[in-house]
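Undergrad: Before I ask anything, let me first share the structure, which is written out below as structure tokens.
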Protein chains: 2
Amino acid sequence: MQKNWPARVTLMEVGPRDGFQFEPQIIPTDLKAAVVAGLIEAGLTHIQVASFVHPKRVPQMADAEDLIQRLPQLDHVHYNGLVLNPRGLERALAAQLPSVEISISASDTHSRRNSNMAFDDALDQGMRMIRRAKAAGLYVRAGAQCALGCVYEGPVPPERVTDILRRFRDQGADAVVVSDTTGMGSPVSLKRLLDRLLPAVDPQPVVLHLHDTRGTGLVNMMAGLESGIDRFDTALGGMGGCPFIEGAAGNIATEDAVNLLDMLGIATGVDLHQVAVWARKLETVIGRQLPGKMLRVIPRSAGNPPPSDECCLTP
Amino acid sequence: MQKNWPARVTLMEVGPRDGFQFEPQIIPTDLKAAVVAGLIEAGLTHIQVASFVHPKRVPQMADAEDLIQRLPQLDHVHYNGLVLNPRGLERALAAQLPSVEISISASDTHSRRNSNMAFDDALDQGMRMIRRAKAAGLYVRAGAQCALGCVYEGPVPPERVTDILRRFRDQGADAVVVSDTTGMGSPVSLKRLLDRLLPAVDPQPVVLHLHDTRGTGLVNMMAGLESGIDRFDTALGGMGGCPFIEGAAGNIATEDAVNLLDMLGIATGVDLHQVAVWARKLETVIGRQLPGKMLRVIPRSAGNPPPSDECCLTP
């Protein structure tokens, strides 16, 4: 249908980091390890397992090192950790994690409010961290948050995001990440950015980290596919929203992304049913319904018609 | 970005019918009338207000005639009623509704289970109803349910859907409706159908009625736009799922569709904030959270930053 679509897409599962991080109920480390093992069993090969942040700021991530110790070591599986400052990077190095993500906000206001750093200082620090991580032999994803809009500043110029990510590429980043932190992106704004960004960071790949805050996560993923993007971040169950806002949407749900990609004939190697089973298990742990759609559909479609015909009575 | 996109899209709000119909709690007729008035105030000009079905089968629709009496009569507003059998059509005529939707299932199994009619009989009846409605001077939308997949039969051949809708066009239908009742459609299957259907029913327009059951509602709307479709059914708050399955998704949320269309530069004439306000009011009445996304975002984006900065701490 669209010749530009990639034949295969690599999903990085970010549920254990972006999904878990602000859950008020602390998820036991053993359960986290079991979820990661289950996701690997489901076919995921790239998993962001933790964020190295101060445990007082994000208590859910206090067990990062402990969790990493418990993860299965498999040659085909790539674990990644998010590091937001030099201290976090040193922790990731000490934990012998082979891959990190270094990320700053493209919005000065957002940077000041959330990292307590002016944009220019955060950029300098990010570049130093990339050099340090590359010198230590790590694989480095380097990203720009609020790349498609900021709740404080509104639209973010694509030139700005391109400039940040080209600098990161020049420092040695192995891949660059466009994070639509606020879910404000659209197919139009995303294409505008990618048209500029892709040649600017070539030959390094661009990863899309899209939030579904406004219901456009999969729409923007489609727009990314049409620009030839073949790496996306997703989270089981669509975790990753703000749990303090009931019903707020998070990342694209892994199983929903796989369902769509399956229908498009784009390979992922991931079994969406298995991912959905883990998402449902997590719902019972966190005591809250997750926003993903396929985890509601799976029990019905696994050879079972709907429990009540009334649901399909009419158009 | 895509030259084929229409400059303007007409949304038919189906919340008062598809959204309300299976809510277990009876919504008072006055509130229904207030919702419709609110949706008109928000800019919607096409509203499907009721289904003329047996009150024992769908108690929520028992007040169809009463509701229609209470609706504001405005020249620019077009009310539509769903009729699934000749008795329903006669009720719509008696209620002096100027526009009806006549709809059958493209799936024989689904037709037998939900309408207690074999497909061939349902098709004959549908054609008779169209002739009767046209003879009475009504505007007729005629649709095929399960047009992009059936939970019982799986994929539905596009030839079959095209054949049904061409016959309906030939009987005099003013517009034909592709209903993705199960939400099983994809951009690929939808394009395949539209490539065949659009020339077959020309010059009558094709309406897309897309369910978000699998999270692909807006993705499929985008695919429809790329085929030049400019008429979509949506429901405030994304109502229309099966309320017996907690968290099940329904129609495309009107306010989410408007948000996306706004970002694409496609005019709708609808103020998504006002629609979201009504969706939130309905949540308090039905005591359940609706699956739409923008109704969660609106209170934050109306000039207010997020309540907690923690939500945007990281990518």
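Undergrad: Got at least one residue in the stretch B:111-118 being within 20 Å of B:GLU23 (Cβ to Cβ) and at pLDDT 95 or above? Break it down stepwise before answering.
TA: Kept after step one, since they are within 20 Å of B:GLU23 (Cβ to Cβ), are these residues of the stretch B:111-118: B:114.
If we keep only those that are at pLDDT 95 or above as well, we get none.
For the stretch B:111-118, residues within 20 Å of B:GLU23 (Cβ to Cβ) and at pLDDT 95 or above: absent.
Undergrad: Can I ask one more? Can you pull out every residue in the stretch A:52-67 that is under 18 Å from A:ASN80 (Cα atoms) and not acidic (Asp, Glu)? Please lay out each step first, then the result.
TA: So in the stretch A:52-67, the residues under 18 Å from A:ASN80 (Cα atoms) come out as A:52-54, A:58, A:60-67.
Of everything in the stretch A:52-67, those that are under 18 Å from A:ASN80 (Cα atoms) and not acidic (Asp, Glu) turn out to be A:PHE52, A:VAL53, A:HIS54, A:VAL58, A:GLN60, A:MET61, A:ALA62, A:ALA64, A:LEU67.
Undergrad: Could you say whether any residue in the stretch B:150-159 is within 13 Å of B:ARG196 (Cβ to Cβ), out of contact with any Gly (no Cβ under 7 Å at 6 or more places or on another chain), away from chain A (no Cβ under 14 Å) and not aromatic (Phe, Trp, Tyr)? Lay out the reasoning, then the answer.
TA: The initial filter retains those residues of the stretch B:150-159 that are within 13 Å of B:ARG196 (Cβ to Cβ), namely B:156-159.
So of that shortlist, the ones also out of contact with any Gly (no Cβ under 7 Å at 6 or more places or on another chain) come out as B:157-159.
In the following step, the residues that additionally are away from chain A (no Cβ under 14 Å) were identified as B:157, B:159.
Within this subset, residues satisfying the condition of being not aromatic (Phe, Trp, Tyr) are B:157, B:159.
Yes, the stretch B:150-159 contains at least one residue that is within 13 Å of B:ARG196 (Cβ to Cβ), out of contact with any Gly (no Cβ under 7 Å at 6 or more places or on another chain), away from chain A (no Cβ under 14 Å) and not aromatic (Phe, Trp, Tyr).
Undergrad: How do the helices (runs of 4 or more DSSP H) wholly within the stretch A:177-295 filter down when requiring 2 or more residues that are farther than 30 Å from B:ILE298 by Cβ and facing another protein chain (nearest Cβ under 9 Å): which remain?
TA: Working: elements: A:187-201, A:217-226, A:254-264, A:272-286.
Passing ranges, in order: A:254-264.
Undergrad: Only residues that are buried (at least 17 other Cβ atoms within 10 Å of the Cβ) and closer than 18 Å to B:PRO6 by Cβ: list them for the stretch B:267-283, please.
TA: Scanning the stretch B:267-283 gives B:THR268, B:VAL270.
Undergrad: Then there's this: Regarding the stretch A:23-46, can at least one residue be identified that is closer than 24 Å to A:ALA135 by Cα, surrounded by 16 or more Cβ atoms within 10 Å (Cβ to Cβ) and in contact with a strand residue (DSSP E or B) (Cβ under 8 Å, 6 or more places away or on another chain)? Walk me through it before giving the result.
TA: Here is the first cut: in the stretch A:23-46, the residues closer than 24 Å to A:ALA135 by Cα are A:46.
Applying the additional criterion that residues be surrounded by 16 or more Cβ atoms within 10 Å (Cβ to Cβ) yields A:46.
So of that shortlist, the ones also in contact with a strand residue (DSSP E or B) (Cβ under 8 Å, 6 or more places away or on another chain) come out as A:46.
Checked the stretch A:23-46: at least one residue is closer than 24 Å to A:ALA135 by Cα, surrounded by 16 or more Cβ atoms within 10 Å (Cβ to Cβ) and in contact with a strand residue (DSSP E or B) (Cβ under 8 Å, 6 or more places away or on another chain).
Undergrad: Can you give me the number of residues within the stretch B:166-176 that are under 19 Å from the mean Cα position of the chain (by Cα) and not in a helix (DSSP H, G or I)?
TA: Within the stretch B:166-176, the subset under 19 Å from the mean Cα position of the chain (by Cα) is B:168, B:173-176.
Filter again for not in a helix (DSSP H, G or I), leaving B:173-176.
Residues in the stretch B:166-176 being under 19 Å from the mean Cα position of the chain (by Cα) and not in a helix (DSSP H, G or I): 4 in total.
Undergrad: Take the residues of the stretch B:250-293 that are out of contact with any helix residue (DSSP H, G or I) (no Cβ under 6 Å at 6 or more places or on another chain) and of a type in the set (Asp, Glu): which is farthest from B:GLN21 (Cα to Cα)?
TA: B:ASP262
Undergrad: Here's a follow-up. Just checking, how many residues over the stretch A:78-128 are within 14 Å of another protein chain (Cβ to nearest Cβ), closer than 18 Å to A:VAL49 by Cα, surrounded by fewer than 24 Cβ atoms within 10 Å (Cβ to Cβ) and in contact with a Phe, Trp or Tyr (Cβ under 7 Å, 6 or more places away or on another chain)?
TA: So the answer is 1.
Undergrad: Does A:TYR139 satisfy the criteria of being surrounded by fewer than 21 Cβ atoms within 10 Å (Cβ to Cβ), touching a Lys or Arg at 6+ places or on another chain (Cβ under 8 Å), over 30 Å from B:ASN4 (Cβ atoms) and of a type in the set (Ser, Thr, Tyr)?
TA: Working: surrounded by fewer than 21 Cβ atoms within 10 Å (Cβ to Cβ): yes; touching a Lys or Arg at 6+ places or on another chain (Cβ under 8 Å): no; over 30 Å from B:ASN4 (Cβ atoms): yes; of a type in the set (Ser, Thr, Tyr): yes.
No: the conditions fail for A:TYR139.
Undergrad: Being within 12 Å of chain A (Cβ to nearest Cβ) and among the hydroxyl-bearing types (Ser, Thr, Tyr) is the filter here, so list the residues in the stretch B:5-60 that pass it.
TA: Listed by number, the list holds a single entry, B:SER51.
Undergrad: Report those strands (runs of 3 or more DSSP E) wholly inside the stretch B:41-153 carrying at least 3 residues which are small (Gly, Ala, Ser) and touching a residue at least 40 places away in the same chain (Cβ under 8 Å).
TA: Details: elements: B:46-52, B:78-83, B:99-105, B:139-145.
In the stretch B:41-153, the matching strands (runs of 3 or more DSSP E) lie at B:99-105, B:139-145.
The values are calculated or read from the model by the stated rules, or taken from the named source; none is laboratory data. Fair warning: this is a prediction, and the values are worked out from it, not measured in the lab. All Cβ positions, glycine included, derive from the backbone under ideal geometry; neighbour counts span all protein chains shown.
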